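Notes to accompany the following structure.
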């Protein structure tokens, strides 16, 4: 795969973004002037392909340019879609069976970057379960949330710092932030929207500082069971 060293977007996040964009392809084949929907989609697609591999994506960029110039739109539309499927397959094939990531002691920035990537793909809601969550979640990660995406925080220890940070963040950015306390949580889990669940090997505030950790997805069936479990804990939790 053409992912570059130092690549700012982790492969699994690239894969999610490619899949998501492929699900919302606007009408591109007809003649006439494109609107904002088409320009936005093509721009996002070009950017993703550029990040995947600047050289290997040149045929894609050429096809996009022809679409914009109203040149053989039917043929170039086919090129764009087939290229998407090809790159998705390449990224999938490049990943090990376990697409999570391990972070050795001292790899705190790598973990920081990977978690920011994960936060950025949320479209509806981000839900972080971490008993040792503190205000760092706002300083380091919440800025990656897209406008309009809500967040739930379930924690147990640093309640006052989380409460103050959540109130100030919500006041400034208008995002819906809800935090609750429960002593029944021990694991670190992140739910992204309604279909993804990731587990962390250490609490976010200490991840990869002195001890190794990991960030790994769980299968859809396990994710559904985990969500049921934590929904019950959330319901019984105390609002902060």
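The values are calculated or read from the model by the stated rules, or taken from the named source; none is laboratory data. Quick caveat, the model's predicted, so the values are computed rather than measured. For neighbour counting, all protein chains shown are included, and Cβ atoms are generated from backbone atoms with ideal geometry for every residue, glycine included.
Yes/no matrix, rows are residues, columns are (1) part of a helix (DSSP H, G or I); (2) at pLDDT 95 or above; (3) surrounded by fewer than 17 Cβ atoms within 10 Å (Cβ to Cβ); (4) touching a strand residue (DSSP E or B) at 6+ places or on another chain (Cβ under 9 Å):
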site	(1), (2), (3), (4)
4	no, no, yes, no
13	yes, no, no, no
25	no, no, yes, no
31	no, no, yes, no
39	yes, yes, yes, no
47	yes, no, yes, no
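To keep it simple, each residue is scored yes or no on (1) under 30 Å from residue 223 (Cα atoms); (2) surrounded by fewer than 18 Cβ atoms within 10 Å (Cβ to Cβ); (3) touching a residue at least 40 places away in the same chain (Cβ under 8 Å); (4) outside the structural domain of residue 199 (by TED's automatic domain parsing).
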{"site": "67", "(1), (2), (3), (4)": "no, no, no, yes"}
{"site": "70", "(1), (2), (3), (4)": "no, yes, no, yes"}
{"site": "88", "(1), (2), (3), (4)": "yes, yes, yes, yes"}
{"site": "107", "(1), (2), (3), (4)": "yes, no, yes, no"}
{"site": "115", "(1), (2), (3), (4)": "yes, no, yes, no"}
{"site": "121", "(1), (2), (3), (4)": "yes, no, yes, no"}
{"site": "125", "(1), (2), (3), (4)": "yes, yes, yes, no"}
{"site": "144", "(1), (2), (3), (4)": "yes, yes, no, no"}
{"site": "149", "(1), (2), (3), (4)": "yes, no, no, no"}
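For residue 223, the criteria (1) exposed (fewer than 13 other Cβ atoms within 10 Å of the Cβ); (2) without any contact (Cβ under 8 Å) to a residue 60 or more places away in the chain; (3) touching a strand residue (DSSP E or B) at 6+ places or on another chain (Cβ under 8 Å) hold in every case but one, which is (1).
If you go through the stretch 203-220 and pick out every residue that is surrounded by fewer than 18 Cβ atoms within 10 Å (Cβ to Cβ), in a helix (DSSP H, G or I) and in contact (Cβ under 8 Å) with a residue 40 or more places away in the chain, you end up with 2. Among the residues making up the stretch 49-71, those that are assigned to a loop (DSSP other than H, G, I, E, B) and under 21 Å from residue 90 (Cα atoms) are 53, 54, 55, 56, 57. Within the stretch 177-202, the set of residues being in a loop (DSSP other than H, G, I, E, B) and at pLDDT below 90 comprises 186, 187, 194, 195, 201, 202. Looking across the stretch 166-176, the residues that are in contact with a strand residue (DSSP E or B) (Cβ under 9 Å, 6 or more places away or on another chain) and either on the phi > 0 side of the Ramachandran plot or in a helix (DSSP H, G or I) (or both) come down to 166, 167, 169, 170. Of the numbered criteria (1) part of a helix (DSSP H, G or I); (2) in contact (Cβ under 8 Å) with a residue 40 or more places away in the chain; (3) out of contact with any helix residue (DSSP H, G or I) (no Cβ under 9 Å at 6 or more places or on another chain), the one residue 235 fails is (2).
Scanning the stretch 49-61 for residues that are surrounded by 12 or more Cβ atoms within 10 Å (Cβ to Cβ) and farther than 18 Å from residue 17 by Cα turns up 56, 58, 59.
The sole residue among 74, 102, 89 that is in a helix (DSSP H, G or I) and within 22 Å of the chain's Cα centre (by Cα) is 89.
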